[in-house]
Amino acid sequence: MEDDLEDRVLYQTYVSHMKLMSRLSLALPGSLRWSWGGGGPGGHAWRLLRLYVLRPEVLVCGAVMILVLAYLQAADAWAPWARGPAAGVSHVSPVRSLFSRLQGLRQLVNGSVGVGAVSGAERLSWELREGEIAAYAVQGRRPKMEDRFVVNDNINDTGVALFAVFDGHGGEFAANYAKEKLVPSLNHKVAEIKKFVAEGGVKRHPVYGTPTAAKGSANPGSSTPETVKKGAPVEKKNSFRKTMSTSQTDECVRKNGGVTDPELLLKMDSIPRSITREVRPSLSDEVAPTSGPASTYVDNSGAINYGRLLTDEVLAADYQLVEAAKKTMDVAGTTALIAVMEGSRLIVANVGDSRGVMCDSRGKAIPLSFDHKPQQMRERKRIKEAGGFITFNGVWRVAGILATSRALGDYPLKDKKLVIANPDILTFDLSNHKPQFIILASDGLWDTFSNEEAVAFVRERLTEPHMGAKSLTLQSYYRGSLDNITVVVINLKDRQWNSTTPAQSKAV
């Protein structure tokens, strides 16, 4: 009984308080009473406003809603800082964020968007459908598109297919170089080797066991491969070194533009220094990697060693890329994921953190490559032995700069041997796995998808026009990927492993 009485007293007090607040809030200056109080033209509107809007409960609810919206706005503004600067997400309101996502997806699906009459139209997406191969790439949230992909289903009618994904960083130069130099060189070498095998193959030297051209075979490069040296070696004179004065040495350096003595260079390289764009002079006896003649890559049974071919071509292209980048002080780099398929053989070369995955006959995800990350034990050990270090800045980075420990280009890190271009080679017999499809993608996809998730996603969409490549790319973008995204899907569900289908080369 006492509780009921107390509740009634509290209720009456609340009602009285609300009425008092309502009268105070509705009080108007004397000059406005005539126009709004009933005698003026706005009297009816004012009575409606008092009756339905300026009620205590409406005012209280409105104030609460304003506070909630202000809190959400403040929380959204601070969210990127809570995630850290490496996230790279700029502040937008929740409503604007939703509209920007929808508009971004629409632009990516349409493929291009006008950026002004001066600069013309800038593409935001790239797509390819050739037979049972589909590719889709988007610029995403990056200011520039630095990904490149190549699809060649039949190299010069040799029955060998080549697929590649290059994920550039620090600019487009390195990815473009890999697409325009490395891939054509590989195509030419594969055609040359296949021709060499068709014309007689190789036979071993009876004494030394070295490969030599078979009788009657036309192979202009059949001699034993020789290394090409950068510059001719200079004979040293001990007397000259003993009598040279400091002033003469300085004058020589000024005339020649830099230090060239190998001993001095080795001592200078041992001194710790910061990573800069400075171009370090190369040792005079540094060997430039090159690919060998066709006979180098064919064994006694006539089988082609694609693993060795890919390694030699990648290292040769990287050396040439670094030399070209030094001339313009271009610090760009790129990953390289290259897959060569001949019959039921699949050879995958990987440099960096682009990744390939295969869906076998049971729907299981089988990795075709493994990322090169600085925090991996073997990579961290190699970097430390080279005099470098790794730091964590959102992700683990080499010398606090690069998030992958292997790449083509990146000459400031390449000069110090902190980053290398040696590819990992994996070989698969597809007749054992009977795969349904293969996915090759840049790390923009793998930032938001695991191998298993990507395989399950594409498996349900193989019947789509782009065989799931487009849907997977856009879904990765919608999940918040901050990088360029490139996805190549190779449908092998109905593939006969002893036959190939000719197709034209396509590249983007």
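Between residue 393 and residue 45, take the C-beta separation as r, use R0 = 51 Å, and let me know the FRET efficiency to the nearest 0.05.
Details: r = 61 Å, r/R0 = 1.19.
Calculated value: 0.25.
Mind ranking 152-164, 59-71 by how tightly packed they are, going by the mean number of other C-beta atoms within 10 angstrom, highest first? All intermediate terms of the calculation are to be shown ahead of the outcome.
On the way: 152-164: 19.7, 59-71: 10.8.
My ranking of the peptides, most packed first, is 152-164, 59-71.
Rolling a 1.4 angstrom probe over the protein heavy atoms, how many square angstrom per residue are accessible across segment 366-430? If you can, show how the numbers build up before the last one.
Values: 3030 Å² over 65 residues.
Computed with neighbouring chains in place, this is 47 Å² per residue.
How far apart, in nm, are two points set 7 Å out from the Cα along the Cα-to-Cβ line at residue 72 and at residue 364?
If labels sit at residue 72 and residue 364, their model points lie 4.7 nm apart.
Over the Cα atoms of segment 422-497, Rg to Rh with Kirkwood Rh, two decimal places?
Reported Rg/Rh, Kirkwood definition of Rh: 1.00.
Would you kindly derive the ³J(HN,Hα) couplings of segment 52-65 from the backbone phi angles with the Karplus curve 6.51 cos²θ - 1.76 cosθ + 1.60 (θ = phi - 60°), listing them in order in whole Hz, with x for Gly and Pro?
In residue order, the calculated couplings are 10, 10, 7, 9, x, 5, 5, 5, 5, 4, x, 5, 5, 4 Hz.
Using the Cα atoms as the points, what is the convex hull volume per residue of segment 323-384 in Å³?
Working: hull volume 8.3 nm³, N = 62.
About 134 Å³ per residue, rounded to a whole number.
Rank by packing, highest mean first: peptides 311-317, 366-372, with packing defined as the count of other Cβ atoms within 10 Å averaged across residues.
In descending order of packing, they fall as 311-317, 366-372.
Please give the peptides 8-14, 165-171, 438-444 ranked by average Cβ packing (other Cβ atoms within 10 Å per residue), highest first, as a rough proxy for protection. Working shown, then result.
On the way: 8-14: 10.1, 165-171: 25.0, 438-444: 27.4.
Descending packing order for the listed peptides: 438-444, 165-171, 8-14.
What list of ³J(HN,Hα) values in whole Hz, one per residue of segment 365-381 in order, does the Karplus curve 6.51 cos²θ - 1.76 cosθ + 1.60 (θ = phi - 60°) give from phi, with Gly and Pro shown as x?
So the J values, rounded to whole Hz, are 8, 10, x, 9, 7, 10, 5, 9, 10, x, 7, 5, 4, 5, 6, 5, 5.
Distances over 17 Å make up what percent of all Cα-Cα pairs in segment 382-477?
On the way: 2943 of 4560 pairs.
Of all Cα-Cα pairs in segment 382-477, 65 percent lie more than 17 Å apart.
Largest first, how would 431, 125 line up by accessible area (1.4 Å probe)? Display every interim value, and only then the final one.
Working: 431 40, 125 5 Å².
Order by accessible area, largest first: 431, 125.
Around residue 14, what is the net charge, scoring Lys/Arg as +1 and Asp/Glu as -1 over all other residues with Cβ under 13 Å from its Cβ? If you can, show how the numbers build up before the last one.
Details: positive: 8, 19; negative: 6, 7, 57.
After counting each charged neighbour, the total is -1.
The values are calculated or read from the model by the stated rules, or taken from the named source; none is laboratory data. Please read these numbers as outputs of a predicted model, since none were measured by experiment. All Cβ positions, even for glycine, are placed from backbone atoms using ideal geometry, and neighbour counts span all protein chains on display. Just the protein is used for accessible areas: all its heavy atoms, side chains included, with ligands, DNA and RNA removed. Shrake-Rupley method; radii C 1.70, N 1.55, O 1.52, S 1.80 Å.
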